[in-house]
Every structure is written in C-alpha cells, then in structure tokens.
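Accompanying notes for the structure given below.
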Amino acid sequence: YGKEEAKERIIAITDKARGALKKLSDDEGYKTYVIPDNVGGRFSVLTPVGLLPVAVAGFDISAFIAGAVNMHKDCIQEPVIFENTAVTYAAARNALYRRGKQVEILVNYEPSLQYITEWWKQLYGESEGKQGEGIFPAGVGFTTDLHSMGQYIQDGQRVLFETTLLVENAVRSLDIPFDNDNLDGMNFIAGKSMNDVNHMAALGTVLAHVDGDVPNLRIVLPRLYEESLGELLYFFEFACGLSGYLLGVNP
C-alpha cells in the first residue's frame, strides 16, 4: 500500500507511554489502543488486546462486553454464597485439590471453543502455579481425545478431576441421514442432530468417569453467541482470582 496508505490501515495495541511499538506508532501516525498497565496478559481478553481482533473478525463486541458485565454483577451481588457460580467453582476445585486431586482437565465438546481451553490453561497455570502450590490445568477435546486421553482419565492415577464445558443449543444443526443399506449399522441415530449425539456422548462419558472415581464439574452455555462467551470469560477470570486466594497465592 505504500507508507502513507499503510498508516491508515494499521492499528497498534501498545503500552500507554513506552516501548518500541509505541514509539513506532507515534512516529508513523498509526491509530493506537492502550494495554492497561494493571492488567496482566492472561486477563487482557476483555481489553483492546482481545476486543480488537474479535471486532475485526466481525463479532459484536458490545454484546461480548455486556455478557461480561452481567457476569460481574452476578459474581459481586449474589448474596447467597453457594448460589454464586464463581464462588462455587473456586470452592469446589480447591476442596478437590485438598483431597489429592492435583490435576484439573477442562473437557471441551465444542471444537470452535478449542482456544478457550488454551487460554484457560494459561490463565489458571500462570495465576496459581506459585510457591509450590496450584492445580495443574490440562485440556482435552472430546470426543476426539476419548480414544487416547480418555483411557488415562478412565483408568489411570486418581489424581485428577474434570470440568466439562458444554453448549446446550447449537447455532447450526446438522442432521444425520438415513442410509438405505445401513452398512455401518448406524441407522438407529438417523434423523438425530450432531448436537444430540454430542450431548449423549458427553453424558455417557461423565457417567463412566464418575463411576471411575473422577469427580466432574459441569459448565453449560445456552448457545454460542457473544454475550454468553463474555459471561464465560469473565466467570473464569473472577473464579481464578478467588481460587488463587483460597490457595494462599497472589493470582
């Protein structure tokens, strides 16, 4: 585009007053947004660091933020402690940790949330893994990983628990067709949606793992839209702070 037009197309997210990118942006006249000084990188998804890419991808960041605000109100204002979902999650995982469950596996049944799992691993690992303390955060994508990691979860050392992330209603529905020859013997699920099959796979897996002495927590999103994702991210961040303090570390 050439130097002059490039500066109309480049947006930089920088420190407020220092750093090489900040100096370059000032020198070249790039539009900038600020990384808040008091927000660590793993908590920065609801700042311009996360919001600009989400907006560029075509999603509604106002709805995204609205979801986070709603969850903030729920976390702060709920007077009954064990009706507060963030408190319940933080307390449950710490109670399990004190019972010798040193590994938490975030189980994700929705492929499009794969990188939520990756972000969650950094959020909890970097926030809690201090002073010889901390629950080790791991992640699996089911049903894909059932063939590999599922074996260990079902029958390996009893040092872990699972937090299962589910989406109640699919944004798009894909129904399983009827096969006249029924060569694979799968016509008994013809007409059902992939979302139905996913839910049954989740239910069967949870029942099997609980029977195998693997405690399970469950987080259910109503569907995948911006507001519910904003709620989910804020929920994990708030609960991470609580959980770190329960562990006696500075999250």
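Roughly how many Å² is the accessible area per residue of the range 82-209, as a whole number, for a 1.4 Å probe?
Values: 7180 Å² over 128 residues.
Heavy-atom accessible area per residue stands at 56 Å².
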Problem set entry | Anchor Lys7: aspartates and glutamates whose Cα lies under 15 Å away (excluding residues fewer than 8 positions away in-chain) | Asp26, Asp27, Glu28
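How large is Rg/Rh for the chain, to two decimals, with Cα atoms and a Kirkwood Rh? Kindly include the intermediate steps, with their values, before the conclusion.
Working: Rg = 21.5 Å, Rh = 20.7 Å.
In the chain, Rg relative to Rh is 1.04.
Share of Cα-Cα pairs in the range 1-78 beyond 17 Å, in percent?
On the way: 1729 of 3003 pairs.
Counting every Cα pair in the range 1-78, those more than 17 Å apart make up 58 percent.
Can you give the translational diffusion coefficient of the range 1-42 in µm²/s, computed by Stokes-Einstein from the Kirkwood radius over Cα pairs at 4 °C and 1.567 mPa s?
Estimated diffusion coefficient is 118 µm²/s.
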Seminar exercise, completed: the range 219-233 and the range 1-18 have their Cα centres apart by a whole-number Å value of 32 Å
Problem set entry | With eigenvalues of the C-alpha gyration tensor scaled by 5 and rooted, the range 63-157, Å | 26, 19, 13
Exercise. When we measure straight from the Cα of Lys192, which aspartates and glutamates land under 19 angstrom away, once same-chain ones fewer than 8 places off are left out?
Worked result: Glu110, Glu168, Asp175, Asp179, Asp181, Asp184
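Can you pull the percent of the chain's accessible area that's carbon plus sulfur, 1.4 Å probe, other chains left in place? The partial results should precede the final answer.
Numbers: 8040 of 14440 Å².
Carbon-and-sulfur percentage of accessible area, whole number: 56.
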Exercise. Which three lengths, in whole Å and largest first, does the range 129-189 cover when its Cα atoms are put on their principal axes?
Worked result: 61, 30, 12
Seminar exercise, completed: Dividing the mean separation of Cα pairs under 8 Å (6+ apart) by the residue count of the chain yields a relative contact order in percent of 24 percent
Problem set entry | Residue-level accessible surface for Asp26, protein heavy atoms, 1.4 Å, Å² | 90 Å²
Problem set entry | Whole-angstrom gap from the range 183-212 to the range 84-163, using each part's C-alpha centre | 22 Å
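Using unit Cβ charges (K, R positive; D, E negative) and no other charged atoms, how large, in debye to the nearest 20, is the dipole of the chain about its Cα centre?
Values: 21 positive and 33 negative charges, 170 e Å.
Charge dipole, the chain, about its Cα centre: 820 debye, nearest 20.
Once you have the Kirkwood Rh of the range 1-140 from its Cα pairs, apply Stokes-Einstein at 20 °C and 1.002 mPa s and quote D in µm²/s. Show your work: numbers first, answer last.
On the way: Rh = 18.3 Å.
Reported coefficient: 117 µm²/s.
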Exercise. The range 28-118: which trypsin sites (Lys or Arg not before Pro) are DSSP loop and have at most 15 other beta-carbon atoms within 10 angstrom?
Worked result: Arg99
Exercise. Just by accessible area at a 1.4 angstrom probe, what is the order of Ile10, Ile219, Ile76 from largest to smallest?
Worked result: Ile76, Ile10, Ile219
Problem set entry | Nearby lysines by direct alpha-carbon distance to Lys3 (threshold 26 angstrom, same-chain neighbours under 8 apart not counted) | Lys16, Lys22, Lys23, Lys31
Problem set entry | Backbone HN-Hα couplings from phi across the range 63-75 [Karplus 6.51/-1.76/1.60, Hz, Gly and Pro as x] | 5, 4, 5, 4, x, 5, 5, 4, 5, 4, 4, 4, 5
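The values are calculated or read from the model by the stated rules, or taken from the named source; none is laboratory data. Keep in mind the model is a prediction, meaning the values are calculated, not measured. A quick note on method: Cβ atoms are made from the backbone with ideal geometry, for glycine too, and the neighbour counts reach across all protein chains shown. Surface areas here come from the heavy atoms of the whole protein model, side chains and all, with no ligands, DNA or RNA. Shrake-Rupley method; radii C 1.70, N 1.55, O 1.52, S 1.80 Å.
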